[in-house]
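**Q** Sharing a structure below in structure tokens format, with a few things to ask.
Throughout, read-outs are computed from the coordinates displayed, never taken from laboratory work. Keep in mind that what you see is a predicted model, and the values were worked out from it rather than measured. Cβ sites come from the backbone with ideal geometry, for glycine too, and all protein chains shown count toward neighbours.
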Amino acid sequence: MLTIDVLTTFLGWCSTINIVLLMMTSLLLIGWKEPISQIHSQLFALEQQRVLQAYFHYLANYKIAVLILNIVPYFSLKIMTG
């Protein structure tokens, strides 16, 4: 049975896992931007500048999705259950 407490716990773990993935991806791109972008540039036949823009859009969209789909509902349920 899905209760509010179970849903709150689930969203809390989803938020934690997604934040860790976002941080790891960001750190990897900061630390190894050149080698990773060269590989993707060659793999997808794109200019390296376009690949770097795609990384930025990916991180921005992922951050917004985590915020809207995980963090906001989690805090809403936490406030609701007091």
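**Q** Quickly estimate the mean residue ellipticity at 222 nm for the chain, helices only: each DSSP H run with n ≥ 4 gives -39500 (n - 2.57), and the total goes over all residues, rounded to 500.
**A** Calculated from helices alone, the mean residue ellipticity at 222 nm is -28500 deg cm²/dmol.
**Q** Which net charge results when you count Lys and Arg as +1 and Asp and Glu as -1 among the other residues whose beta-carbon is under 12 Å from that of Val51?
**A** Summing Lys and Arg as +1 and Asp and Glu as -1 gives 0.
**Q** Could you work out the equivalent-ellipsoid semi-axes for the chain, taking the square root of 5 times each eigenvalue of the Cα gyration tensor, largest first, in whole Å?
**A** 35, 11, 10
**Q** Sticking with this one: Would you be so kind as to identify all helices of the chain, as entire DSSP H runs, whose Cα atoms reach 15 Å or more along the helix's own axis and whose mean Kyte-Doolittle hydropathy is at least 1.0?
**A** 4-31
**Q** Arrange Phe56, Phe10 by Cβ neighbour counts within 10 Å, fewest through most, would you?
**A** Ranked by crowding around the Cβ, least crowded first: Phe56, Phe10.
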